[in-house]
Amino acid sequence: MSDAVNLPADSGANRVITQNRQVGVATVLTMPLIGYVAKDAASCGFGITKYGAQTDKDWQWRPNCGNGVKTGGSLVTGNNPADTSLAVGPSFAQAWVSALVSRYGNAANSGVRYYDLDNEPDLWWDTHRDVAPTGLKYDQLRDRTYQYAAAIKTADPAAQTLGPVVMGWTYYWHSPYDGQRQDWQTPDDRNAHGGTPLVPWYLQQMKAYELAHGKRILDFLDLHYYPAASGVALSPAGNTATQALRLNSTRSLWDPSYVDESWIASAGPDGGIVKLIPRMREWVNANYPGTKLAITEYNWGAPEHINGALAQADVLGIFGREGLDLATLWSPPQSSQPLAFAFRIYRNYNGSGGRFGETSVSAASSAQDRLAIYAAEESATGALTLVVINKTAGNLSAPLTLSHFTSGGLVQGWRYSAAQLNGITRLPDQGLSGVTFTSTYPANSITLYRVPGRRL
């Protein structure tokens, strides 16, 4: 919802794009594929005066807007989508992108680069029931992707598209149609497509389009992912057990031996092993090689606590090591919260633009679940940067040995920890003993080292 009053120039989208350009941030713009857009900021899909009393309503801002559930528990049906929305099609998408190109330039020249092909179409039957009361089938999702992605590429051939943008584990494997009906054992729609899970099938269809038309219309496989364990995502830090679970659950992003500590373990498939980023890569390699990987919604919770900062730092290290191409957090922390310092360790550890290196290099810990390590090379200088995360409640001492690297000076260090939550502390420089240096990592801490030198 936007408070813009001078459309189309002063729109909510334009405000976000302009702000992003001012601070050098790329925009990921959500392009509606649902077939409707809101006609204003005040109308509602299930007006009480039109459809009768309902079990809940917007008490403060729009008291006539109900939730679409009648007082007896049945759903309001037969409502008019025009109550709240305007019908649009692929031509709307093409016209909007053309307008953005006219205003900001094309994607290759500082314009909007990334277009999400809507948002969580697997849940429209629940979140947008006034205009899409029935879950999409495989073919419907494919066809809308063909139509709208092609329209975006026609208006801006350099634009990058991301899909299918489904919300989580269940819908990597099933269609919205089967999910709405809770049809997990004998899913009619999936079985009608050879039993192939939704995401691999979707990638196959995108490859088929390119083979038929000589043009790629999907650039990124984009999935949303929230750890499913209770109390982790979108939640405060919680008790000691929840905090330990939060730090352990980052393994679901990569570890083929980690059985998810949630309902996923019993729901399958693969015995509850998520290994999300390797799985995404396997799906791409098998079904549409060359497609990049994106997670445009994720959240590990606890932005107010060092536990959330530790988890986020671990997640960012995993993203880099596993070769994820794009990720966006839902939603950003306040600048003073511990979670924000997890980003600063990688993006501005010294307050003067010091950044974790651009090129990932191999780094291994004998206990990655307790003392996680990530490494990268600075492209401009050849210096090695390392992030070491003590995920435990006690101090840990360990030697750090460099291989295939020649040091060119003292090791510099910076640290964020529970002992100093409002800033990153500069550590004393230290020398190397041959190719090794030993440090003590305080409990619940994130340490960044910069080692001048070059790879051999």
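Every read-out reported here was derived from the displayed coordinates using simple, explicitly stated rules and does not represent laboratory data. Quick caveat, the model's predicted, so the values are computed rather than measured. Using ideal geometry, Cβ is built from the backbone for each residue, glycine included, and neighbour counts are taken over all protein chains shown.
How high is the FRET efficiency from ALA192 to ALA212, r the C-beta distance, R0 22 Å, rounded to 0.05? Computed FRET efficiency for ALA192 and ALA212 comes out at 0.55. Taking Cα centre as origin and charging only the Cβ of basic (Lys, Arg, +1) and acidic (Asp, Glu, -1) residues, the dipole magnitude of the chain rounds to 920 debye.
Here the label points at VAL5 and GLU358, each 7 Å from Cα along the C-beta direction, are separated by 4.5 nm in the simple model. If amide hydrogens are placed 1.01 Å from N in the peptide plane, which non-local residues have theirs closer than 5 Å to the one on THR27? It is ARG113, TYR114, by chain and number.
Evaluating 6.51 cos²θ - 1.76 cosθ + 1.60 at θ = phi - 60° for every residue in the range 202-207, the Karplus couplings come out as 4, 5, 4, 5, 5, 5 Hz, glycine and proline recorded as x. Contact order, relative form, for the range 359-455: 35 percent (alpha carbon pairs under 8 Å, 6 or more residues apart, mean separation divided by residue count).
Dipole of the range 359-455, Cα-centred, from +1 at each Lys and Arg C-beta and -1 at each Asp and Glu C-beta, to the nearest 20 debye? Let's see the in-between values first.
Details: 7 positive and 4 negative charges, 12 e Å.
Value, rounded to 20: 60 debye.
For the chain, the residue among ALA159, ALA42, PRO256 whose Cα projects farthest onto the positive side of the dipole built from Cβ charges is ALA159. In the chain, helical runs assigned H by DSSP with n ≥ 4 each contribute -39500 (n - 2.57); averaged across all residues and rounded to the nearest 500, the mean residue ellipticity at 222 nm is -8500 deg cm²/dmol. Each residue of the range 51-61 was assigned a 3J(HN,Hα) from its phi angle through the Karplus curve 6.51 cos²θ - 1.76 cosθ + 1.60 (θ = phi - 60°); the sequence is 10, x, 4, 9, 6, 8, 7, 7, 5, 8, 9 Hz, with glycine and proline shown as x. Close amide-amide hydrogen proximity is noted between PHE405 and LEU456, each under 5 Å apart and 5 or more residues distant or on a separate chain (H modeled in the peptide plane; Pro and chain starts excluded).
The angle between the Cα long axis of helix 138-155 and the main principal axis of the chain comes to about 80°, on a 0 to 90 degree scale. Would you mind pulling out the separation of the Cα centroids of the range 186-264 and the range 394-456, in Å? Here the two parts' Cα centres lie 34 Å apart. The chymotrypsin sites (Phe, Trp or Tyr not before Pro) of the range 221-313 meeting both criteria, a DSSP state outside H, G, I, E and B (loop) and at most 16 other C-beta atoms within 10 angstrom of the site's C-beta, are TRP263.
On a 29 Å Cα-Cα criterion, which of the cross-link pairs LYS207/LYS275; LYS153/LYS275; LYS275/LYS391; LYS70/LYS137 come out too long?
Numbers: LYS207/LYS275 24 Å; LYS153/LYS275 32 Å; LYS275/LYS391 20 Å; LYS70/LYS137 27 Å.
Long pairs (Cα-Cα over 29 Å): LYS153/LYS275.
Each peptide among 162-170, 361-369 gets the average number of other Cβ atoms lying within 10 Å of its residues, and from highest to lowest they stand as 162-170, 361-369.
Taking amide H positions as modeled 1.01 Å from N, with prolines and chain starts lacking one, the residues under 5 Å from LEU400 and 5 or more places away or on another chain are PHE437, THR438, SER439. The spread of Cα positions in the chain, taken along each principal axis and listed from longest to shortest, comes to 76, 49, 48 Å. For the range 182-197, backbone phi angles converted through the Karplus equation (6.51, -1.76, 1.60; θ = phi - 60°) give residue-by-residue couplings of 6, 9, 8, 7, 10, x, 4, 5, 4, 5, 5, 10, x, x, 6, x Hz, Gly and Pro being listed as x. Across all C-alpha atoms in the range 359-455, the radius of gyration and Dmax reach 13.0, 37 Å. Contact order for the chain, expressed relative to its length and based on alpha carbon pairs under 8 Å spaced 6+ residues apart, stands at 9 percent.
A simple spin-label model places the labels of ALA95 and SER235 4.6 nm from each other, with each point 7 Å out along Cα-to-Cβ.
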